[in-house]
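Worksheet: the structure to be examined is printed underneath.
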Amino acid sequence: MPQGLCMSGALIVTAALERRVHDRLTGERKAHFPAERNFLDAHLTMFHALPPSCGAEAASLLKRITNDCKPPRARLAEVISLGRGVAYKVESDDLRRIRDVIADHFHGMLTAQDSQGWRPHITIQNKVKPFEAKALLDEKREAFEPQPLDIIGLSLHRYMDGPWEKLGSWRFRGLDIA
């Protein structure tokens, strides 16, 4: 499978955002993402393509992690360029540790994209002309202030050749993973 492309039925793991934050970022995505390519709400992808056959195993693992972990500390750190789009860079040592646990569990089953370094971000624009992306980047950077990002859980989705089917979502309820 070419890097960056999801196979039909692949499992996607995301960090679930608090509702107000989710709605605000989804509003930005709807305002700036080409409508014909925007199948999704705002999201923070942790894994792009776990094997379709691992659904029950992934759900069990995510449930266990969220039961054991408290909500990770995170923040929107800066506005970044995607070349043909714009995103918010996310910083979170806590979420990185959680991702490491999931990656270790699925070691040997990860795609090249999911095995390489993780650069957490929330995309609000993509697949536009570079000059459009640059204009939005400049606009967003001018007004941007780093801010806390409330992550309330983990979600599991199935890739459906564009849209995603939500398979489950689990809220953080426990103690710190460290």
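The values are calculated or read from the model by the stated rules, or taken from the named source; none is laboratory data. The structure presented is a predicted model; accordingly, all values stated were derived computationally and were not measured. Note that each Cβ is placed from the backbone with ideal geometry, even for glycine, and that neighbours are counted across all protein chains shown.
In segment 135-156, which residues are in contact with a Ser or Thr (Cβ under 8 Å, 6 or more places away or on another chain) and under 15 Å from Val90 (Cα atoms)?
Step one: list which residues in segment 135-156 are in contact with a Ser or Thr (Cβ under 8 Å, 6 or more places away or on another chain), which gives 137, 149, 151, 153-156.
Across segment 135-156, the qualifying residues are Leu149, Ile151.
Using the structure shown, decide if Ala15 is in a loop (DSSP other than H, G, I, E, B), in contact with a Ser or Thr (Cβ under 9 Å, 6 or more places away or on another chain) and crowded, with 16+ Cβ neighbours inside 10 Å.
no
Inspect all residues belonging to segment 67-78 and state whether any of them is under 15 Å from Ile122 (Cα atoms), over 15 Å from the mean Cα position of the chain (by Cα) and either of a type in the set (D, E, K, R) or surrounded by 19 or more Cβ atoms within 10 Å (Cβ to Cβ) (or both).
yes
If you take the residues of segment 152-166 that are closer than 22 Å to Phe39 by Cα and of a type in the set (A, V, I, L, M), which of them is modelled with the lowest pLDDT?
Only one residue fits best here, namely Met160.
Quickly run through segment 130-178 and pick out the residues that are among the acidic types (Asp, Glu) and either assigned to a strand (DSSP E or B) or surrounded by 11 or more Cβ atoms within 10 Å (Cβ to Cβ) (or both).
Matches in segment 130-178: Glu132, Asp138, Glu139, Asp150, Glu165, Asp176.
When Asp41 is evaluated against the numbered criteria (1) touching a residue at least 24 places away in the same chain (Cβ under 8 Å); (2) under 14 Å from His157 (Cα atoms), which criterion, by number, is the only one it fails?
(1)
Hey, does segment 83-94 have a residue that's crowded, with 17+ Cβ neighbours inside 10 Å, in contact with a Phe, Trp or Tyr (Cβ under 6 Å, 6 or more places away or on another chain) and not in a helix (DSSP H, G or I)?
no
Just one of (1) within 24 Å of Gln147 (Cα to Cα); (2) without any contact (Cβ under 8 Å) to a residue 24 or more places away in the chain trips up Ala74, so point out which.
Condition (2) is where Ala74 drops out.
Can you name the condition, by its number, that Pro34 falls short on among (1) in contact (Cβ under 8 Å) with a residue 60 or more places away in the chain; (2) under 23 Å from Trp170 (Cα atoms)?
(2)
Checking Ala58 against (1) within 15 Å of Trp170 (Cβ to Cβ); (2) without any contact (Cβ under 8 Å) to a residue 12 or more places away in the chain: exactly one of these is not met. Which one?
Against the list (1) within 15 Å of Trp170 (Cβ to Cβ); (2) without any contact (Cβ under 8 Å) to a residue 12 or more places away in the chain, Ala58 comes up short only on (2).
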